[in-house]
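First up is the structure itself, then whatever we jot down about it.
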2 protein chains.
Amino acid sequence: MAAKFRIRKLVVIGVGLIGGSFALALKKARAVGHVVGVGRTRRNLAVARRRGIIDETALDAAAAVRDADFVFLGTPVGQMADVMARIAAALPPRAVITDGGSTKQDVIAHARAAFGPRFSQFVPSHPIAGTEHSGAAAAFAELYRERKVILTPLPETSRAALRTVRAAWSQCGARLISLDAREHDEILAAVSHLPHVVAFALVTALARRQNGPRLFGYSGGGLRDTVRIAGSSPEMWRDICIANRDALLAALDGYTAELGAARAAIERGDGNALQSMFERARSARARWLVSKGK
Amino acid sequence: MAAKFRIRKLVVIGVGLIGGSFALALKKARAVGHVVGVGRTRRNLAVARRRGIIDETALDAAAAVRDADFVFLGTPVGQMADVMARIAAALPPRAVITDGGSTKQDVIAHARAAFGPRFSQFVPSHPIAGTEHSGAAAAFAELYRERKVILTPLPETSRAALRTVRAAWSQCGARLISLDAREHDEILAAVSHLPHVVAFALVTALARRQNGPRLFGYSGGGLRDTVRIAGSSPEMWRDICIANRDALLAALDGYTAELGAARAAIERGDGNALQSMFERARSARARWLVSKGK
């Protein structure tokens with residue numbers, strides 16, 4: 001690694017909120033020379049081009065990566081296997097590959113199957129950042145500033161590739177954490193995938209009511225915040241739910257049991273049980289906020 | 001009603017976020033002369049006094065209301081029956097009473113039972129405003145600015161009392177809506193009470209996990225917003241859940257069915273079902289935000 005970290009040619013496959021913000025952050029840090037964007041729709045790539053996120057668009061991913069030194073996979077996790085298969089043979093030996101997928105065990109399994117001898121150049125990563133908006137139009141350079149990025153390197157992962165990926169995320173302003181991929185998927189099922197399913201289900205349940213369209217007019221900031229993430233990309237979350245099925249089902253079942261206990265307490269009018277549950281929740285949340293320094 | 005609306009003596013029973021903010025807003029609007037605060041704990045009343053929310057503290061609610069012209073009931077709904085019984089005999093004939101309770105059918109039933117001939121002076125109200133903080137320390141004069149306040153007057157309600165209560169809330173900057181009490185309780189069960197139970201249950205489910213204390217460290221803004229309202233007053237929400245039991249159970253069951261459908265789709269890896277559910281949620285939320293002008 002040079003004294004000043006710099007990527008000569010970055011290829012971003014999937015130029016959405018995550019991939020687009022990665023490119024913008026590196027550009028802002030003057031840590032990248034040329035950025036090529038690859039994507040499914042010309043319209044989104046045109047937005048990315050117009051916004052200066054990418055310098056060039058490409059429809060053929062394999063051709064684009066042939067002389068890349070850094071490849072960022074920013075597609076929904078359900079497309080990773082296909083994208084990896086398309087670029088594998090064209091990857092130059094020293095190119096470093098990372099991703100922004102919200103699940104890691106499945107992405108790693110796809111990379112292992114697709115990349116063969118290049119698998120050691122792949123560094124799985126997951127930025128804990130995002131908004132309820134998606135697409136190149138939603139990307140911004142500061143998305144990763146002071147946000148955590150979880151890396152889940154494997155024994156096979158090249159140390160040089162790992163250093164390069166760490167350096168790139170650091171240039172984006174992120175704080176790096178390493179986790180085992182399985183632990184990552186279990187933790188994220190609980191703190192991210194479950195809350196998204198909860199929010200999506202809450203909105204559909206309300207919308208399904210006879211008075212659905214009128215309901216939101218009577219709501220306050222509580223509902224607004226609780227369902228903010230129900231604005232997230234349906235495709236991305238469909239893929240995450242399927243990719244992380246087992247851990248998510250376990251988290252869902254723990255939550256459903258808790259909800260069932262609350263329901264039973266409400267039905268029998270058990271104020272003590274409700275109060276102690278709500279107090280436990282309030283204390284846990286307060287401790288969490290303290291631990292996050294908020 | 002005089003040209004300029006003004007309360008000579010306001011008694012606030014339960015000087016928390018809701019009652020305290022009501023007093024502060026009226027003071028700021030110079031719409032109140034003297035404010036007496038009644039409460040269970042001397043400590044909270046001392047905070048209210050120090051912050052200028054109230055001018056005087058009283059421990060005996062009946063004595064305090066004897067020469068009041070406006071009484072605001074700001075206690076959790078579970079205490080309303082008791083508070084009403086204590087003040088009923090002392091209420092002067094022309095005093096107007098309102099409340100800030102989140103449920104209306106139960107509060108109305110208690111008022112009808114307690115107030116006798118004074119029942120027509122009681123105007124049930126529910127401000128759709130609040131934060132996850134509670135107590136006099138959390139009160140602020142702008143809480144009700146541009147927020148909705150739902151009134152659920154009855155055929156017996158005095159028109160003069162209704163005018164006075166409307167004028168008071170208007171001085172707080174609120175926008176007034178009228179609803180039937182039963183409709184109010186059904187709507188609020190869906191858009192407010194259910195989301196609170198969802199948030200409380202989500203936090204307790206996460207906190208209960210073996211890695212509970214570490215979990216929040218890996219979370220992002222999604223979880224933070226989804227569970228913000230799990231910081232709300234456990235006592236207040238215990239009372240609401242019990243007071244609005246039937247409507248809340250119905251809302252909970254609709255939500256649980258939706259969650260069960262999501263679970264089944266995840267389990268069988270049904271991407272189409274998940275995507276269409278998430279898309280329905282995203283569209284409904286988007287329409288809601290448009291209808292609220294956000």
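Here, each number is a calculation from the coordinates, and none is a lab measurement. Keep in mind the model is a prediction, meaning the values are calculated, not measured. Here the Cβ is made from the backbone with ideal geometry for all residues, glycine too, and neighbour counts use every protein chain on show.
Percent of C-alpha pairs per 20 Å bin in the protein assembly as shown, short distances first: 20, 44, 26, 10, 0. Could you tell me which of rounded, prolate or oblate describes segment B:183-291, using a ≥ b ≥ c as the square roots of the eigenvalues of the alpha-carbon gyration tensor, with rounded for a/c under 1.5 and, failing that, prolate when a/b is larger than b/c and oblate otherwise? Oblate shape, in that a/c is at least 1.5 and b/c is the bigger or equal ratio. Report the paramagnetic label zone for residue A:89: residues of segment A:113-131 whose backbone N is under 18 Å from a point 7 Å from Cα along the Cα-to-Cβ axis. Under 18 Å, as judged by backbone N against the label point of residue A:89, lie A:113-119 of segment A:113-131. Using a Gaussian network model of chain B with C-alpha springs under 10 Å, which one of B:35, B:11, B:191 is most mobile by mean-square fluctuation? In this elastic network of chain B, the residue with the biggest mean-square fluctuation among B:35, B:11, B:191 is B:191.
Amide hydrogen proximity for residue A:148: with H placed 1.01 Å from N in the peptide plane, the residues at 5 or more positions away or on another chain lying under 5 Å are A:128, A:175. The local environment of residue A:206, defined by Cβ-Cβ distances under 10 Å, has a net charge of +2 under the rule Lys, Arg +1 and Asp, Glu -1. Bridges between two residues of the protein assembly as shown, per DSSP, are antiparallel at a rate of about 10%. Measuring between alpha carbons in the structure, the pairs from B:4/B:148; A:27/A:292; B:28/B:148 lying more than 24 angstrom apart are A:27/A:292.
Relative to the longest principal axis of the Cα atoms of chain B, the long axis of helix B:194-208 makes an angle of roughly 60 degrees. Helix A:271-291: angle to the longest alpha-carbon principal axis of chain A, degrees 0 to 90, nearest 10? On a 0 to 90 degree scale, this one is about 30.
Chain A residue nearest by beta-carbon to the axis mapping A to B, with distance in Å: A:225, 2.
The angle between the Cα long axis of helix A:105-115 and the longest principal axis of the Cα atoms of chain A comes to about 20 degrees, rounded to the nearest 10.
Here r is the Cβ-Cβ distance between residue A:154 and residue B:283 and R0 is 51 Å; the resulting FRET efficiency, rounded to 0.05, is 0.80.
Cα centroid separation, segment A:153-208 to segment A:57-75: 23 Å. Would you mind checking segment B:240-272 for residues with the amide N under 18 Å from a putative spin-label position 7 Å along Cα→C-beta of residue A:210? Residues B:246-255 fall inside that zone. Beta bridges from DSSP with both residues in chain B: antiparallel share about 10 percent, rounded to the nearest 5. Label-to-label distance for residue B:51 and residue B:264 is 4.8 nm, based on points extended 7 Å past Cα in the beta-carbon direction.
Computed log10 I(q)/I(0) for segment A:7-180 at 0.13 Å⁻¹: -0.53, from the Debye equation with unit scatterers placed on every C-alpha and solvent omitted.
The modelled label-to-label distance for the pair residue A:28/residue B:66, using points 7 Å beyond Cα in the direction of Cβ, is 6.5 nm.
Using C-alpha pairs under 8 Å with a sequence gap of at least 6, the mean separation divided by the residue count of chain B gives a relative contact order of 17 percent. Remark: label point of residue B:180 defined 7 Å out from Cα along the Cα-Cβ vector; separations to the same position in other copies 5.9 nm, ascending.
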